[in-house]
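Read through the structure below, which is laid out as structure tokens, and then see the notes.
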Amino acid sequence: MSPGTRILAALALFSLSGAAVAQTQPTPKPPSEQSPEQRAAYLRSHYTKYEVRIPMRDGVKLFTSFYVPNDASPSKRYPVLLQRTPYSAAPYGVDRYPKSLATTAFEQDGFIFAVQDVRGRFLSEGEFVDVRPHRASKRGKEVDESSDTYDTIDWLVKHVPDNNGRVGMWGISYPGFYASAGAIDSHPALKAVSPQAPIADWFWDDMHRHGALNLQLTFTFFSAFGKPRPTLTDVEGWEGFDLGTPDAYQFFLDLGPVANAETKHFRGDIAFWKDLLAHPNYDAFWQARNLLPHLKNIKAAMLVVGGWYDAEDLYGPLRTYAAIEKQNPGITNTLVMGPWPHGGWMRTDGTGLGDADFGFPTSVTYQDLALAFFKHHLKGGPAPTIPEALVFEGGANRWRHLDAWPPKAAKPTRLFFQPQGALTFQAPTGKEASFDEYVSDPAKPVPYTQAQSANMTQGFMAEDQRFASRRPDVVVYQTPPLEDDLTLAGPLEAELWVSTTGSDADWVVKLVDVNPGKLRGWTKESASSGERDRGGQQTLVRAEPFRGRFRDSYLQPRPFTPNEVTKVRFVINDVFHTFQRGHRLMVQVQSSWFPFIDRNPQTFVPNIPLAKESDFVRAMHRIHHSAAHPSALKVSVLPALDD
């Protein structure tokens, strides 16, 4: 989550007008070669900027910039494309233009682009509330993000010159949350909405994973974003926290217990950081911030977008699409999932990520679809050919048009852990106790990446995992080389039978695609041309941590009884990936993933972020795999056409 999510990263055309100029100036560069200054110049020459303060029903005024095409007139009206953001509607001043408002195609096609500081941020009045809870029954002047959106749209269609009375809305990440919230009880003028990587519930999105704290992200994000705004301000952007080193692993290890951040660095200045630490369980604070049950009475067409390799908001788009589908029967609701990191469909060409190569630029598929979607619903353009779900199939590296997500044809089955690191579709038959064990040491947690970066890296979601599988505190199970392609489609579920000498533990389950030693098509010429040899690569496909104390309830955690075999079961976000013949399917299990996830002290304490140094202890963990305790990964297999 960053200020950059407000601006769609694409390229605009800088056009030179006038015959005389055309004769004396060089031909404009193609869009792919335009500089940011040229993009800004295009917007200045084609759009007129306005700044207004729009009153809400409670009297609070929200700062809004909008940009109207210069050729707009009563005979040529344009729709409004709105984005509401906590990351600033900058640049401020009617004489200052951003370097982009949308993709080149959107800017050339012509829309009235509106950008609004949400309540309590930058130049908007009122109090800012992180992921403001939705009020299902508002009375009088009560407000939430749905009502602020409604009031904003109502003002825009009544006051913006030469608009056609139709409004679209979009946003990535936090602005994606505002897009989702704005679709609830839709204003009649709101015709199309695209929540992209939207926050749905911060107990699973961004800040946590099954109750485990996303340490590096929350620290670096709130240290800047969470600073108070005592007065209205047009200061643009912010400075992130300087760790003083690119080695985030060492920085957070030296930090010690998470609570030390308050005394060592934040000094009481970050209100939401205090909330994070005060609410480690899924209590009323987090439940009120779950937007999913409120995604009702949506009338606009929906285009929900996400990335399979989004380290921040993968839960959000998958659950948002499903909730809209269930609670708003009959509306247009499409899911687009591509091989992208957070916002990668707009910030990258989508050719590859980390150690994964997707074979071709995948982002243009979304960008073309998005323009067709908004043109149809806002301008009366031709209806685009959009399936119910447009999803990218990793491994096979191709787009698939599906009539449902997850695919109806996918069949649930289990991959069982076996002795000697085997992984099979047959349940273990051994009657005697069988297990793998390892020492989990909070002083030497398993790193989540080999990269050195102060901020959370994006590429780790598709990183080669050989650095982890060779550690003694990572247990590995894998199939023999596959005889046929194997396609997994839909959610995963870990079903672990575990025991520990401690009283608390985390469990991280990773799904990995293992290349054969020599890849098809690899030649000496490949090496001489500089192409990377990916033989034996263990590419991460999906991973999920689980805080073991929540195995029975996210509201009421409980300790493990030392050395007692216990079942731990948790859902892992969806996948759509084909493990090709000759590859192996691997599952890795570990108990730390640092500093992406904070360390579990392995001593049960009421609140892990408030644990003391003395609470952190080494523990022996076991993964059991006998007939009585069959640890497994539940998967859904999509049958091949010739099955």
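The values are calculated or read from the model by the stated rules, or taken from the named source; none is laboratory data. A quick note: this is a predicted structure, and the numbers were derived from the prediction, not measured. Reconstructed Cβ throughout: ideal geometry from the backbone, glycine too, with neighbour counts over all protein chains shown. Only protein heavy atoms, including side chains, enter the accessible area calculation; ligands, DNA and RNA are left aside. Shrake-Rupley method; radii C 1.70, N 1.55, O 1.52, S 1.80 Å.
Key figures
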item	result
Scope the range 212-238; condition open to solvent by less than 20 Å² (accessible area, probe 1.4 Å) and out of contact with any Pro (no Cβ under 7 Å at 6 or more places or on another chain); matching residues	Asn214, Leu217, Thr218, Phe219, Phe221, Phe222, Ser223, Ala224, Phe225, Gly226
Qualifying position, being surrounded by 24 or more Cβ atoms within 10 Å (Cβ to Cβ), assigned to a helix (DSSP H, G or I) and out of contact with any Pro (no Cβ under 8 Å at 6 or more places or on another chain), among Ala114, Ala181	Ala181
First in the range 278-290 and within 22 Å of Ala261 (Cα to Cα) and free of Cβ contacts under 8 Å to residues at least 60 places away in the same chain, second anywhere and assigned to a loop (DSSP other than H, G, I, E, B) and not basic (Lys, Arg), Cβ under 6 Å, 6 or more apart	Phe285/His279
Flag if Lys431 is open to solvent by 50 Å² or more (accessible area, probe 1.4 Å) and more than 19 Å from Ser591 (Cβ to Cβ)	yes
Some residue of the range 244-257 being within 25 Å of Arg347 (Cα to Cα) and surrounded by 17 or more Cβ atoms within 10 Å (Cβ to Cβ)	yes
Residue match in the range 407-422 (condition: assigned to a loop (DSSP other than H, G, I, E, B), among the polar types (S, T, N, Q) and over 26 Å from Ala356 (Cα atoms))	yes
So Trp345, is it open to solvent by 10 Å² or more (accessible area, probe 1.4 Å) and either closer than 19 Å to Leu295 by Cβ or aromatic (Phe, Trp, Tyr) (or both)	no
Residue ID - nearest to Arg599 (Cα to Cα), chosen from residues in the range 258-271 that are surrounded by fewer than 16 Cβ atoms within 10 Å (Cβ to Cβ) and of a type in the set (D, E, K, R)	Lys264
Residue that is most open to solvent (accessible area, probe 1.4 Å), among those in the range 136-174 that are among the aromatic types (Phe, Trp, Tyr) and over 19 Å from Tyr78 (Cα atoms)	Tyr150
Residue list for the range 507-533, filter: within 30 Å of Thr566 (Cβ to Cβ) and either exposed (fewer than 10 other Cβ atoms within 10 Å of the Cβ) or touching a helix residue (DSSP H, G or I) at 6+ places or on another chain (Cβ under 7 Å) (or both)	Trp507
Helices (runs of 4 or more DSSP H) completely within the range 243-300 that count 2 or more residues being closer than 22 Å to Val605 by Cα and at pLDDT below 95	271-278
Matching entry among Asn328, Asn281 (being under 22 Å from the mean Cα position of the chain (by Cα), farther than 16 Å from Ala462 by Cα, surrounded by fewer than 22 Cβ atoms within 10 Å (Cβ to Cβ) and not hydroxyl-bearing (Ser, Thr, Tyr))	Asn281
Selected residue (criterion: most open to solvent (accessible area, probe 1.4 Å)) from residues of the range 467-478 that are closer than 23 Å to Phe560 by Cβ and assigned to a loop (DSSP other than H, G, I, E, B)	Pro472
Total residues in the range 336-347, condition in contact with a Phe, Trp or Tyr (Cβ under 7 Å, 6 or more places away or on another chain) and either part of a helix (DSSP H, G or I) or within 23 Å of Pro384 (Cβ to Cβ) (or both)	6
Complete set of residues in the range 374-401 that are modelled with pLDDT of 95 or more and among the hydrophobic types (A, V, I, L, M, F, W, C)	Phe374, Leu378, Ala389, Leu390, Val391, Phe392, Ala396, Trp399
Any chance Ser626 is out of contact with any strand residue (DSSP E or B) (no Cβ under 7 Å at 6 or more places or on another chain), more than 25 Å from Pro481 (Cα to Cα) and small (Gly, Ala, Ser)	no
Any hit, the range 433-447, residues being under 30 Å from Leu190 (Cβ atoms), part of a loop (DSSP other than H, G, I, E, B) and free of Cβ contacts under 8 Å to residues at least 40 places away in the same chain	no
Cβ pairs under 9 Å, 6+ apart, first in the range 319-335 and part of a helix (DSSP H, G or I), second of a type in the set (Asp, Glu) and surrounded by 21 or more Cβ atoms within 10 Å (Cβ to Cβ)	Arg319/Asp201; Arg319/Asp205
Cβ-Cβ under 6 Å pairs, at least 6 apart or on other chains, the range 478-494 side acidic (Asp, Glu), far side part of a loop (DSSP other than H, G, I, E, B) and surrounded by 17 or more Cβ atoms within 10 Å (Cβ to Cβ)	Asp485/Gln580
Failed criterion for Tyr438 (all others in (1) more than 24 Å from Asn600 (Cα to Cα); (2) touching a His at 6+ places or on another chain (Cβ under 8 Å); (3) open to solvent by less than 30 Å² (accessible area, probe 1.4 Å) hold)	(1)
Hey, Phe560 under 18 Å from Phe616 (Cα atoms), open to solvent by 40 Å² or more (accessible area, probe 1.4 Å) and either touching a residue at least 24 places away in the same chain (Cβ under 8 Å) or not basic (Lys, Arg) (or both) or not	no
Condition check for Thr539: crowded, with 22+ Cβ neighbours inside 10 Å, touching a helix residue (DSSP H, G or I) at 6+ places or on another chain (Cβ under 7 Å), polar (S, T, N, Q) and in contact (Cβ under 8 Å) with a residue 12 or more places away in the chain	yes
Test: residue in the range 402-418 that is closer than 30 Å to Pro188 by Cβ, surrounded by 21 or more Cβ atoms within 10 Å (Cβ to Cβ) and modelled with pLDDT of 95 or more	yes
Of all residues making up the range 448-466, the number that are touching a helix residue (DSSP H, G or I) at 6+ places or on another chain (Cβ under 7 Å), touching a residue at least 40 places away in the same chain (Cβ under 8 Å) and either open to solvent by 30 Å² or more (accessible area, probe 1.4 Å) or not aromatic (Phe, Trp, Tyr) (or both)	5
Of all residues making up the range 184-205, the number that are assigned to a strand (DSSP E or B) and under 16 Å from Gln367 (Cα atoms)	5
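Residues checked against (1) closer than 17 Å to His210 by Cα; (2) in a strand (DSSP E or B); (3) among the hydrophobic types (A, V, I, L, M, F, W, C):
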| position | (1), (2), (3) |
| --- | --- |
| Ile572 | yes, yes, yes |
| Val575 | no, yes, yes |
| Gln602 | yes, no, no |
| Val617 | no, no, yes |
| Arg622 | no, yes, no |
| Pro639 | no, no, no |
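Results for (1) farther than 23 Å from Asp154 by Cβ; (2) buried (at least 17 other Cβ atoms within 10 Å of the Cβ), shown as yes or no for each residue.
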residue	(1), (2)
Phe63	no, yes
Val68	no, yes
Asp71	yes, no
Pro79	no, yes
Arg84	no, yes
Tyr92	yes, yes
Tyr97	yes, yes
Leu101	no, yes
